[in-house]
Each structure stands twice: as structure tokens, then as C-alpha cells.
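One structure below.
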Amino acid sequence: MIPRIRLTWWDVTLLAIMAIGVVLAVARYAGGIGSVANINNAYPWGWWVGYGIMTMIALGGVGFTITLLVEVLGVHRYHALLRPSVLMALLCYSGAIIMLMVELGRPWMVWMILVSWAPTAALYEVGWCAFLYLSVLAFEFAQVPLEQLGWGRVLRVTRAIYMPLMLLGVTLSHLHQSSLGTLMTLIPHKINVLWWSDQLPLLFLFSAMMAGPALAILEYLAAARWLGFEPRMDMLASLARIEAWIVGLFLAFQVGDLVARGAVDAMLSWSWFALSLWIEVGLGLLLPLVLLILPEVRQSRGGLATACSLIVAGVLLHRLNVTVIGLRVRHWETYYPSLGEIGITLGITAGAIFVFGVLARILPIHEELTRSAAGPRRAVVPAGALRGARGIS
């Protein structure tokens, strides 16, 4: 039996944003892309690609990073973050694909990527890997409602094939996260020197790995507040130490790449591009790194939330700098995202957050709630394959 959901003011706000997005999407399909978007021949990839594809997929890296940490490396102390991370990744990828279909204009043709043959094209690899990884995420998370419904026979089948599919999913995510960077290396004449690099595939992969733990910590803290359980700060502090190492390594790699490419003069110039880079590096990397190094910050809910929010915002700005802000075209060509583009984007994002909130209340997503409901004798035993209390996690 599906429990009844009582809508909160937050749910109503999200539904209102979603309704605005639906109205704008209808206008987009009825009047063409030019009726809601400001993209043009010089800027064919605008906000929908910079935020919708590049950033949402980067945030979707929370799925493969936490899965890699827990299931592959066997660090089961972070097992409580596994289910929420897989669900967040599934919704991020779904949102990115929905946004892609809004931009393409003929969503019923999106399946053509599966029957086209262009094995040497970076975009072809991105499409195939994203589709396959989305399928793997759907399979991984499907175990949760199957467990709730008590479909034991189907659960046994899914557990039997979980491990190879999980390893495939981690591999696919690595491939297409870096392939997004490969895609941008193909247009060195259009991307500002501050962001174009031969190392973009690694930068994109590492930024997705950096965003993963930060988003997992943010979700856990938000769930603890809204669902009413006590967060395990020792677990979060431990993951925050790992995140500090990842942020530090990414900062060193990015700055080292800028120096190696001779882009220091551009960094120190008086331009909006340089300002955007310094905001990205200073607020998105350096400041959260300093915060995460401090033990008192790692033990504080507010401190962790601030540091992780800065990291996620830094990843967002990095992707926008590469794909939108840092594009160099003819000086008379300009692009600013329209209210229609931003409205549709916010509508899809609100939809993902709303679905996550609903599922978190009707399914055993968080182990802390499962523990309190099961009682002290039914402790969670993380043993791989998304397992938690009495079976899978």
C-alpha cells in the first residue's frame, strides 16, 4: 500500500515552478525554439547545454563516486549515502535527457542515437554511455521499490546480476564524464584560453568526482533536517576529509594546467573572463578547501553545508565557463539566457527535487529511518549489492 503524502509548503513551491516550466515548454514546442530561447548561429549551445547537460550530468556523478567508494572499494561506513546517491544520479541524468529533448525539439527521435553509427564521434560515445548508465541506475534503484513490494523472486534475480551491472555502470560513467570534456576540446578556436585545454577530459571527470561527495553530504544534511533523524557527523566528517583531498588535487591540477599552457597573463588580465575564473577558483575551490581542512567545520552541520554548497556551485560555474561564458565568437554576436530557458531549466530541476522528496518519504531511502522503524535488533548490515536491513539497502 502506498502511503499518503502530505504536501508541505516546499512541495507546493516546487509544483508551482514545475507548472511554469510546463507552460514554457508548451510554448517552446508550439512556437519553435526561437520563441523562448536566445541561442543563435554563433551560440547554438546555450544555457540548456551548459547547465542542463554539462552540469546536471556532472552532479549525477554522485552515483558512481559513492558506488565506487562503497561497493568497489568496500568502504561500507558510507553505506547510508548509497541509496540517496543512486536516486539523485538517476534523477540528474533523467533531467539532463529531458532538457536535451526540449532543446532538440523532436523528443520522439531521441532514440536515433542508438541506431546511428559514428564510433569515432565524441558525442556518439556520450549519448550511448549516458543512455546505458541511465539504464544501469534505473536497475540499481529498482531494487528499492521491489523490496518494498515484497517481490522476492524478482529481487533474487536482480541481486544475481547486480555486481557486473554495477561495475559496468561505474565504468560507463567514467567514460562519458570524460567524453564531455573531449567534446569541448574539438573547438579550441571558440573557447577562451582560460578554459580550453587538452586536459579537459580529465578536468571534467575529476570535477564530477569532486561534486559527488559534496552533493551526497548536502542531501544527507537536508534529509536529516526535513525527515527528522540525527545525522551521523562522524561519517560526514570522514567523507569531508576525502572531499578535501579531491578538491585540493583538482585545484592543483587546474592551476598547474593554466601555468603549463601559459595562460597566467590571461588570469591576471582585467576582463570579465578572468573575473569569472577567479570566482570559480576562489569561491568554488580555495575557500571550501580551507573550510574542509578545519576539524571544527567538518563537525558542524552549517560548516559542511556551506563548504559543500560552494563546491557544487563551483562545479556549476566551471561547466558554464567552459560551455557558455568562455565561448569566443565574433564580437557583434552576443548571448544571454532568456527567461524562457531559465524557466524551463528551473522547472525540470524542481521536478527532480520534488520526485526525490516524494520517494524519500514513501520508500526506505535513508537507513536511519529504517533503523528507527525496525527497532534496535534489526541493525543494518552493509554487505554490497545495495544491501541494508534485511536484504538490499
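The values are calculated or read from the model by the stated rules, or taken from the named source; none is laboratory data. These numbers were taken from a predicted model, which means no experiment stands behind them. Here the Cβ positions follow ideal geometry from the backbone for every residue, glycine too, while neighbour counts run over all protein chains shown. SASA here: full protein model, heavy atoms, side chains in, ligands and nucleic acids out. Shrake-Rupley method; radii C 1.70, N 1.55, O 1.52, S 1.80 Å.
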Margin query: I'm spelling it out carefully: the read-out is Cα extents along the principal axes in Å, the candidates are [x] 69, 54, 53; [y] 70, 56, 38; [z] 68, 51, 44, and one was derived from this structure. Which label?
Written below: [z]
Next item on the list: Sort D198, D11 by accessible area with a 1.4 Å probe, largest first.
Entry: D198, D11
Next item on the list: Determine which residues of the stretch 253-296 fall in the zone a paramagnetic label at L202 would reach in this model, i.e. backbone nitrogen under 17 Å from the point 7 Å along Cα→Cβ.
Entry: 253-263
Check: Cα gyration tensor of the stretch 43-151, axes a ≥ b ≥ c as square roots of the eigenvalues: rounded (a/c below 1.5), prolate (a/b > b/c) or oblate?
Finding: prolate
Note to self: List residues of the stretch 146-173, by number, whose backbone nitrogen lies under 12 Å from a label position 7 Å along Cα→C-beta of V72.
What the structure shows: 166-173
Next item on the list: Once you have the Cα-Cα distance between I242 and V264, take 0.36 nm times their residue separation minus that, and quote the gain in nm to one decimal.
Entry: 5.0 nm
Margin query: Helix check for the chain. Which DSSP H runs span at least 15 Å along their own axis by Cα, with a mean Kyte-Doolittle hydropathy no less than -0.5?
Written below: 9-31, 82-104, 122-149, 152-185, 200-227, 233-260, 301-320, 339-362
Notebook entry, point to check: Just the accessible area for H189, please: 1.4 Å probe, Å², rounded to the nearest 10?
Noted result: 120
Checklist line | Approximate spin-label separation S35-V255, in nm, with each point projected 7 Å along Cα-to-Cβ | finding: 5.0
Check: Taking all protein chains as present, what is the carbon and sulfur share of the accessible area of the stretch 12-372, in % to the nearest whole number, probe 1.4 Å?
Finding: 72
Next item on the list: Subtracting the Cα-Cα distance from 0.36 nm times the residue separation, let me have the gained length for W278 to V12 in nm, one decimal.
Entry: 92.0 nm
Check: How large is ³J(HN,Hα) for each residue in the stretch 114-120, as worked out from phi by the Karplus curve 6.51 cos²θ - 1.76 cosθ + 1.60 (θ = phi - 60°), to whole Hz, x for Gly and Pro?
Finding: 7, 10, 6, 10, 8, x, 8
Next item on the list: Using 0.36 nm per residue of separation minus the Cα-Cα distance, give me the extension gain between I5 and W151 in nm, one decimal.
Entry: 50.2 nm
Note to self: Probe of 1.4 angstrom, ligands and nucleic acids ignored: what's the accessible area per residue over the chain, in square angstrom?
What the structure shows: 46
Next item on the list: Assuming a ≥ b ≥ c are the square roots of the Cα gyration tensor eigenvalues, decide whether the stretch 256-358 counts as rounded (a/c under 1.5), prolate (otherwise, with a/b larger than b/c) or oblate.
Entry: oblate
Next item on the list: Kindly rank 137-146, 55-64 from highest to lowest mean number of other beta carbons found within 10 Å of each residue.
Entry: 55-64, 137-146
Checklist line | Residue-wise HN-Hα coupling along the stretch 39-51, computed from phi with Karplus coefficients 6.51, -1.76, 1.60 (Hz; x: Gly, Pro) | finding: 5, 8, 5, 6, 10, x, 10, x, 4, 5, 7, x, 9
Next item on the list: Could you order peptides 19-27, 342-350, 300-308 by the average number of other Cβ atoms within 10 Å of their residues, highest first?
Entry: 342-350, 300-308, 19-27
Notebook entry, point to check: Amide H neighbours of L327 under 5 Å, counting only residues 5+ apart in sequence or on other chains, H built in-plane at 1.01 Å?
Noted result: N192
Notebook entry, point to check: Can you give the accessible area of V110 in Å² (nearest 10), computed on protein heavy atoms with a 1.4 Å probe?
Noted result: 50
Next item on the list: Order the following by accessible area, largest value first: R156, R83, R225. Probe radius 1.4 Å; ligands, DNA and RNA are ignored.
Entry: R225, R156, R83
Item checked: the stretch 178-192 and the stretch 94-119: distance between their alpha carbon centers, rounded to Å -> 20
Next item on the list: Assuming R0 = 30 Å, can you tell me the calculated FRET efficiency for the pair R361 and I20, based on Cβ-Cβ distance, to the nearest 0.05?
Entry: 0.80
